[in-house]
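Chemist: Okay, handing you the structure first.
The numbers here are math on the coordinates, done by the rules we state, and not lab data. Quantities reported herein were computed from a predicted structural model and do not represent experimental measurements. As a convention, Cβ positions derive from the backbone with ideal geometry for all residues, glycine included, and neighbour counts pool all protein chains shown.
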Amino acid sequence: MSSPEGPVGSLASISIDCPDPDSLAPFYRDLLGLEEVFATPDRGLIALSGAGPMVTLMRVNTYVAPSWPDGPQHKQMHLDVAVDDLDTAVVAAVALGATEAGFQPAGQAWRVLLDPVGHPFCLSTVRPD
C-alpha cells in the first residue's frame, strides 16, 4: 500500500555480492544485454544498466556462494530472467559461464541456473498478464 503522497522512491538497482566484480560483470552484461555505467576507482563496485533497474556488483571479501536448494549458505535473493525459449536460453547462458542447477522444481516453466560465482537465477517463460 503506498502512502497518500505516493511512493518514497523507485527501484534504482539490484546489488549482487561477489568476490570479484570485474570477473562477474561480463557475465551479467552479456546475459542481460547491459553496459557498464559506473565503477568505483578500485572496481569494488560496478554498475550495469540498460534493462530497467541497474544491476550492481559489489565486492565482498568474505563472500560465500549460496547452496541451491538447501544450505548451509542459503540464497538471499535471485533474479528471474524472462526468455522466449527455455532450451535455447539455457544453452546461451551456459555458454556465458552459467551452470544448470541439479535441482529443477518446475523445469517446464523455468530453469534454475547458477552464475559463475554460485548465485542461483532463473530463466523463465512465465510472465505476468
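Chemist: Report the net charge of residues surrounding Gly44, where surrounding means a beta-carbon distance below 13 angstrom and charges are Lys +1, Arg +1, Asp -1, Glu -1.
Modeler: Working: positive: Arg43, Arg59; negative: Asp17, Asp20, Asp22, Asp42.
Summing Lys/Arg as +1 and Asp/Glu as -1 gives -2.
Chemist: If you don't mind, there's one more thing I want to ask. I want to check the label-to-label distance for Phe38 and Thr125. Put each point 7 Å from Cα in the C-beta direction and report it in nm to one decimal.
Modeler: A separation of 3.8 nm, rounded to one decimal place.
Chemist: Is the C-alpha gyration tensor of segment 1-63 telling us rounded, prolate or oblate? Criteria: a/c under 1.5 is rounded; beyond that, a/b larger than b/c is prolate, otherwise oblate.
Modeler: Values: a/c = 2.60, a/b = 1.79, b/c = 1.45.
The shape class here is prolate.
Chemist: Separate question: If I compute Cα Rg over 2.2 N^0.38 Å from the structure I just sent, which labelled value in [x] 1.22; [y] 0.95; [z] 1.12 lines up?
Modeler: [z]
Chemist: What FRET efficiency would be calculated for the residue pair Gln76, Glu5, taking the C-beta separation as r and a Förster radius of 22 Å, to the nearest 0.05? Numbers along the way, then the final one.
Modeler: Values: r = 31 Å, r/R0 = 1.39.
Taking R0 as 22 Å, the efficiency between Gln76 and Glu5 is 0.10.
Chemist: Could you derive backbone 3J(HN,Hα) for segment 23-29 from the dihedral phi with the Karplus parameters 6.51, -1.76 and 1.60 (θ = phi - 60°), listing whole Hz in sequence and x where the residue is Gly or Pro?
Modeler: 7, 8, 4, x, 4, 6, 4
Chemist: Under the rule of at least 5 residues apart or a separate chain, name every residue whose amide H is placed under 5 Å from the amide H of Met54.
Modeler: Ser13, Ile14
Chemist: Taking every DSSP beta bridge with both residues inside the chain, roughly what % is antiparallel (nearest 5)? Could you put the intermediate results ahead of the total?
Modeler: Values: 15 of 25 bridges.
Taking every DSSP beta bridge within the chain, about 60 percent pair in antiparallel fashion.
Chemist: Right, here's the next one. For the chain, what does -39500 (n - 2.57) per DSSP helix run (n ≥ 4), summed and divided by total residues, give at 222 nm, in deg cm²/dmol to the nearest 500?
Modeler: On the way: 2 runs with 23 residues, N = 129.
Computed ellipticity for the chain at 222 nm equals -5500 deg cm²/dmol.
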